[in-house]
Amino acid sequence: MAAVHGDVHGHGHEDHHPTGIMRWVTTTNHKDIGTMYLWFSLAMFFTGGFLALGIRAELFQPGIQILEPEMFNSFTTLHGLIMVFGAIMPAFVGFANWQVPMMIGAPDMAFARMNLWSFWLLPIAASLLVSSFFVPGGAAAGGWTFYPPLSTQGGLGVDMMIFAVHILGASSIMGAINIITTILNMRAPGMRLMDMPLFVWTWLITAYLLVLVMPVLAGTVTMLLTDRHFGTSFFNAAGGGDPVLFQHIFWFFGHPEVYIMILPAFGIVSEIIPTFSRKPLFGYSSMVYATASIAILSCVVWAHHMFTAGMPTVGQLFFMYATMLIAVPTGVKVFNWTATMWRGAMTFETPMLFAIGFIFLFVIGGFSGVICAIVPIDIQVQDTYYVIAHFHYVLVSGALFALFAGAYYWLPKWTGHMYDETLGKWHFWLSMIFFNLTFFVQHFLGLAGMPRRIPDYALQFADFNMVSSIGAFGFGMSQLLFVYIVIKCIRSKEAAPEKPWDGATTLEWTHLPTPAPYHSFEKPPVFKPVSH
Amino acid sequence: MSSDQDKSNASVFQVAKAVLAAFIGIRKKSDLESDAANIKPSQVIIGGLIGGVLFVVTILLVVKIIVN
């Protein structure tokens, strides 16, 4: 996005910076780093998407056509790891880098050099993951959850994955510390915590979750590494260890991780819905409280991923009840978004379409989550396509749709140009249709008993799999349209209006020119609290 | 931002009410403003931790009653 900052002269800001490749290697500017995060995550999204299409191509019809079973398992494993750690998480950090300083009136992130370091760790980890396909033994194939004993048995590819997870964890922790420090110490004078935009609030809470659980993941993979190479037996029953221990500590990280990927999405949607409804967010404080509540509850529900691993009834009931209670604060949020739209002067530009699509489909994912939380049902659907359908409704039509919504919403501010509204709407409707075509039928497959992570299946599953594969290819192709829209927007000659969204009230729209200058808020703005 | 020194000590009951509201995810604006004026962050954090433990213990008790 080198061209996007070209016309910031005339705003009275210094914008001297290195040009060419060195600008990106040495930059400590939060906007540059945010841009790199976003491009990186887009590249990883297409890498993970390529693996997804490999999976769906193999599953297009019964029998083994394209991928050998071992390679198929590597595809599912790396698809999950790359999408979670390479696409969704860095994309949200990219949004945080761009938006948090501008939304709180800060000149940059608190630790600018550490910010660059946390970005450059990502391509290193990603190359480890991708190149593991080409080492002897191939890439890790034990699923993105890398349960032992599969993960204690694999070859070099598993070690590369463990090292990549270490690096990604370090990057995430540094990013989180940076975001917490920026938000707590660098807000514009007069901006209290309860005056912050919801996106900033959700990122503050997410960053605390990251600091809490990423070290747990680092510890888990380190134990795995020492089991593999240094003679320990944490997870090896033959040496007195317990594979179920791995599942507990992995999911103590893994469940809050789900919320790490969805809370910033809630934040983006909470910015967009009021803007396009031209009303303040309904129940601002309850939104903040509900976010905090979801974060706390997310730490006491992890074993609902392990109902079939063997657990006393007391444990099953505890985790079932705790999980179902998360529906309460989540319901508060959905109610508030709906109430914000109620009697608003609504318009349906692309960001709003994706935000409404998010609410509609995320609720479906939320409901199937409550269904999975019920122990007797979970024992039936565990490791079936029902679970795949559930978490893709949460992570694709949840997290990813919110990312698209946010990208369209802030593209004019970032680039200084308007995106093509007609093409944006095409992107939304194609994504909406193909997403549901891909994943809704997977509910039926799961309920009929089709297991996940299997390259071949019984004949009765053939039709729905074919539908799902057609949907997946359609969804993948639709995302190329997004790339075209973004490039067209960056290269556009037409300047965007200073404030294209008349309902926007946050500082980046009210106090900064469009496009945002290379250095913003060198002098803190005068902040006047608006009534929420 | 008002500093901690500006805040008078809130009663245990007021902190408990704020934490309970946070757990459910609903708070009236007037109550929120009085919370922001009176409760110190440290009180909210300690209250939240106690609330978290109470939440877990309550669910465990309910489970025990059902199982027995």
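The values are calculated or read from the model by the stated rules, or taken from the named source; none is laboratory data. Since the structure is predicted, the reported quantities are computational estimates derived from the model, not experimental observations. Cβ sites come from the backbone with ideal geometry, for glycine too, and all protein chains shown count toward neighbours.
Quick notes on this structure:
- Test: residue in the range A:251-265 that is more than 26 Å from A:Val301 (Cβ to Cβ), assigned to a helix (DSSP H, G or I) and among the β-branched types (Val, Ile, Thr): no
- Among the candidates A:Pro274, A:Pro329, residue that is part of a helix (DSSP H, G or I), surrounded by 22 or more Cβ atoms within 10 Å (Cβ to Cβ) and more than 14 Å from chain B (Cβ to nearest Cβ): A:Pro274
- Criterion applied to A:Val288, A:Val269 was being hydrophobic (A, V, I, L, M, F, W, C), crowded, with 23+ Cβ neighbours inside 10 Å, modelled with pLDDT under 95 and closer than 25 Å to B:Lys29 by Cβ, and the one residue passing it is A:Val288.
- Candidates in the range B:17-68 are the residues that are of a type in the set (Lys, Arg) and assigned to a helix (DSSP H, G or I); of these, the one that is farthest from A:Ala292 (Cα to Cα) is B:Lys64.
- Checked against the criterion of being in contact with a Pro (Cβ under 8 Å, 6 or more places away or on another chain) and in a helix (DSSP H, G or I), the candidates A:Phe46, A:Phe95, A:Phe85 yield just one match: A:Phe95.
- Selection of the range A:501-521 for residues being in a loop (DSSP other than H, G, I, E, B), touching a Phe, Trp or Tyr at 6+ places or on another chain (Cβ under 9 Å) and hydrophobic (A, V, I, L, M, F, W, C) yields A:Trp501, A:Ala504, A:Leu512, A:Ala516.
- Boolean, A:Ala57 is in contact with a helix residue (DSSP H, G or I) (Cβ under 6 Å, 6 or more places away or on another chain) and either closer than 30 Å to A:Gly406 by Cβ or at pLDDT 95 or above (or both): no
- When the test is whether a residue is facing chain A (nearest Cβ under 8 Å) and of a type in the set (Val, Ile, Thr), B:Val56 passes it.
- Filter result for A:Ser151 (within 20 Å of A:Thr27 (Cα to Cα) and crowded, with 22+ Cβ neighbours inside 10 Å): no
- Number of the condition not met by A:Lys523 [criteria: (1) free of Cβ contacts under 8 Å to residues at least 12 places away in the same chain; (2) within 30 Å of A:Leu361 (Cα to Cα)]: (2)
- Residues being under 24 Å from the mean Cα position of the chain (by Cα) and at pLDDT below 95 - total across the range A:304-321: 0
- Screening the range A:365-433 for helices (runs of 4 or more DSSP H) wholly inside it with 2 or more residues that are hydroxyl-bearing (Ser, Thr, Tyr) returns the ranges A:385-394, A:401-415.
- Residues (in contact with a Pro (Cβ under 9 Å, 6 or more places away or on another chain) and farther than 17 Å from A:Ser286 by Cα) located in the range A:337-348: A:Gly344
- Checklist (1) modelled with pLDDT under 75; (2) within 12 Å of chain A (Cβ to nearest Cβ); (3) touching a helix residue (DSSP H, G or I) at 6+ places or on another chain (Cβ under 9 Å) applied to B:Ser3, failing item: (3)
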